[in-house]
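Q: First, the structure itself, so that you have it in front of you.
The values are calculated or read from the model by the stated rules, or taken from the named source; none is laboratory data. Note that this is a predicted model, so its numbers are computed, not measured. All Cβ positions, glycine included, derive from the backbone under ideal geometry; neighbour counts span all protein chains shown. Ligands, DNA and RNA are excluded from the accessible area calculation, which covers all protein heavy atoms including side chains. Shrake-Rupley method; radii C 1.70, N 1.55, O 1.52, S 1.80 Å.
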Amino acid sequence: QVQLVESGGGLVQAGGSLRLSCAVSVRTFSSYTMGWFRQALGKEREFVAAITWRHGNIHYADSLKGRFTISRDIAKNTVYLQMNSLKPEDTAVYYCAWSRTAWGPRTEGDYDYWGQGTQVTVSS
């Protein structure tokens, strides 16, 4: 059983920053991937970033590389998404997700558990 609890969303002006957190509770697995996805209103959910838990290998959506940073704190069992230089088009519900795979997948179907989502709204 895996539980994910997200926090950190909110309203921010364009150009601002936010940091999302996702606390993960997982038993028996020592090697897995944590990912972030987002879904804007009326659009499909899209990959944002992923990090492999054991080795810390990181993957980003090409369009977000340089503005978003994914990281993990193993001691706190928490994954973070630091978002800088936010734009109105970054407005979406952001989800953290857990995958039993260890290679850092970018595909929604490769993730087994999902957080409840947190709203990020960027005003212009």
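Q: Report, by residue number, each residue of the range 18-37 that is more than 15 Å from the chain's Cα centre (by Cα) and small (Gly, Ala, Ser).
A: Within the range 18-37, Ser25, Ser30, Ser31 qualify.
Q: Using the structure shown, decide if Gly42 is under 25 Å from Ser124 (Cβ atoms), touching a residue at least 60 places away in the same chain (Cβ under 8 Å) and either open to solvent by 40 Å² or more (accessible area, probe 1.4 Å) or in contact with a Ser or Thr (Cβ under 8 Å, 6 or more places away or on another chain) (or both).
A: no
Q: Test each condition in (1) basic (Lys, Arg); (2) part of a loop (DSSP other than H, G, I, E, B); (3) surrounded by 16 or more Cβ atoms within 10 Å (Cβ to Cβ) for Lys76 and report the one that comes out false.
A: With respect to (1) basic (Lys, Arg); (2) part of a loop (DSSP other than H, G, I, E, B); (3) surrounded by 16 or more Cβ atoms within 10 Å (Cβ to Cβ), Lys76 is out only on (3).
Q: Limited to the range 1-30, what total is found for residues that are in contact (Cβ under 8 Å) with a residue 60 or more places away in the chain and part of a loop (DSSP other than H, G, I, E, B)?
A: Here the count works out to 7.
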